[in-house]
Amino acid sequence: MGFLGICSGKLYAQDFKPGLLKFENEIWVPVSGKNTLPANDAVTGILSINPDTAIITTLKNGLYSFSNNGIYDLGSVNNTIFKNERIYAATAVNKDWMALATNNNGVYITDFRGNIIQSFSQTEGLQNNNVLSIFSDSQRNLWLGLDNGIDLITYNSSIKQIKPLLQDGSGYTALLHDNRLFLGTSNGLFSVPVQSLPDMSFSKGSFTAVNNTKGQTWGLARINNQLLLGHHEGAFAIKNNDAIPISPDKGFWNFVPLANSFPSGSMVAGGYTGLTIFDYVNGQFIQSKVISGFHESSRFVVLDNDSNIWVSHPYHGVFKIVPNEAGSYSTFAYSTTKGSPLY
């Protein structure tokens, strides 16, 4: 016996001599119609598409269509892949998709024509690529029985995990800009094109390093449709996957526009040693001045409705920087003995 399972409320079994059998009227009978299942190849799953049609998965020969007319090769363009990877088990993901557990390359999510929608392997975080069994629970999470261990894919969750093939390092910031996803890490800034799909997590691509960003990144901001990077080495504008310096100073955390209008005529940047004002001139940000008299590291910066700049420091408290009519600024400190409650 090669297989035993239920599909559309009916019990099926595979015997390698007579082929696929259905339990009917208390006896096992061969399924009706033509049967093109290859001899000596195990059936590994039967998944219902509708009351009259199902998909049969086999270990070595890919996918087959099963209906009242019989069993036929599905003719999937990916059958060569499925034959090579060996389908060990299958389960429905939703009314349109199924999950195929393979011997060599983890799990494929496909439609019922065998078109690959998504895949999960060691690259995406599985412990190994040999998936012997698969189960979809009531919340449509996928449980995988591996060659060594158990994995859970929270497939129905709106929160997705990104595992880019980058150098080892910590992630600090992320932003979508001009159909690219930018990730700021302790090793630099990286980007990847994002495909136009209903679910961005289905997008495929390889991250590339943004030029001139090696080292510690801190923050990304989009102001006046320009992408700005706060970096240990300074402040940068990102254009065509290149980082262009916009300040001669080192160490910037963040950028905040100083007006709600578009485009904003100026912005403030929080740095290692205080705050810097940039003016927007001829389509680019130009450093205007450093706010004098304030030298605290400004990692957390917000602007209130009265154009006051607020800075939170983890040890020194909260600071309010008030603009004056003459273009200067006055600083007021709200210190706490154990640091800022806003940290």
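The values are calculated or read from the model by the stated rules, or taken from the named source; none is laboratory data. Since we're looking at a predicted model, the values are computed, not measured. As a convention, Cβ positions derive from the backbone with ideal geometry for all residues, glycine included, and neighbour counts pool all protein chains shown.
Descriptive notes on the structure:
- Residue satisfying all of: in region 22-59; of a type in the set (D, E) and over 15 Å from C7 (Cβ atoms); surrounded by the most Cβ atoms within 10 Å (Cβ to Cβ) among these: D41
- Pairs where the first residue, in region 206-227, is in the same structural domain as G188 (by TED's automatic domain parsing) and under 14 Å from N179 (Cα atoms) and the second is among the acidic types (D, E) and part of a loop (DSSP other than H, G, I, E, B), C-beta under 9 Å, 6+ apart: N225/D178; L227/D178
- Selection status of S292, assigned by TED's automatic domain parsing to the domain that holds L176 and outside any strand (DSSP E or B): yes
- Options I159, I153; residue that is closer than 24 Å to I109 by Cβ, without any contact (Cβ under 8 Å) to a residue 24 or more places away in the chain and hydrophobic (A, V, I, L, M, F, W, C): I159
- Boolean, S136 is crowded, with 16+ Cβ neighbours inside 10 Å, closer than 17 Å to N94 by Cα and either basic (K, R) or more than 20 Å from the chain's Cα centre (by Cα) (or both): yes
- Selection of region 60-116 for residues being among the β-branched types (V, I, T), under 27 Å from the mean Cα position of the chain (by Cα), crowded, with 16+ Cβ neighbours inside 10 Å and part of a strand (DSSP E or B) yields I87, T91, T102, V107, I109, T110.
- Qualifying residue in region 206-221 (condition: at positive phi and in a strand (DSSP E or B)): no
- Looking only at region 295-332, and only at residues there that are part of a loop (DSSP other than H, G, I, E, B) and under 16 Å from A259 (Cβ atoms), the one that is nearest to the chain's Cα centre (by Cα): D304
- Of all residues making up region 21-55, the number that are under 18 Å from D96 (Cβ atoms) and part of a strand (DSSP E or B): 9
- Of the residues making up region 248-285, those that are within 20 Å of S328 (Cβ to Cβ), in contact with a strand residue (DSSP E or B) (Cβ under 8 Å, 6 or more places away or on another chain) and of a type in the set (S, T, Y) number 2.
- In this structure, T276 does not qualify as among the hydroxyl-bearing types (S, T, Y), more than 24 Å from G327 (Cβ to Cβ) and modelled with pLDDT of 95 or more.
- Residue count, region 191-229 (criterion: out of contact with any strand residue (DSSP E or B) (no Cβ under 9 Å at 6 or more places or on another chain) and either among the small types (G, A, S) or surrounded by 12 or more Cβ atoms within 10 Å (Cβ to Cβ) (or both)): 1
- Condition check for G19: surrounded by 16 or more Cβ atoms within 10 Å (Cβ to Cβ) and more than 39 Å from the chain's Cα centre (by Cα): yes
- Selected residue (criterion: modelled with the lowest pLDDT) from residues of region 318-340 that are closer than 17 Å to V290 by Cβ and β-branched (V, I, T): T331
- Close Cβ contacts (under 9 Å, 6 or more residues apart or on different chains) running from residues in region 58-79 that are free of Cβ contacts under 8 Å to residues at least 12 places away in the same chain to residues that are surrounded by 18 or more Cβ atoms within 10 Å (Cβ to Cβ) comprise G75/L63; G75/S65; G75/G114.
- Matching entry among L228, L197 (being closer than 27 Å to Q161 by Cα, among the aliphatic types (A, V, I, L, M) and outside any loop (DSSP other than H, G, I, E, B)): L228
- Test: residue in region 146-159 that is over 20 Å from the mean Cα position of the chain (by Cα) and either of a type in the set (K, R) or surrounded by 13 or more Cβ atoms within 10 Å (Cβ to Cβ) (or both): yes
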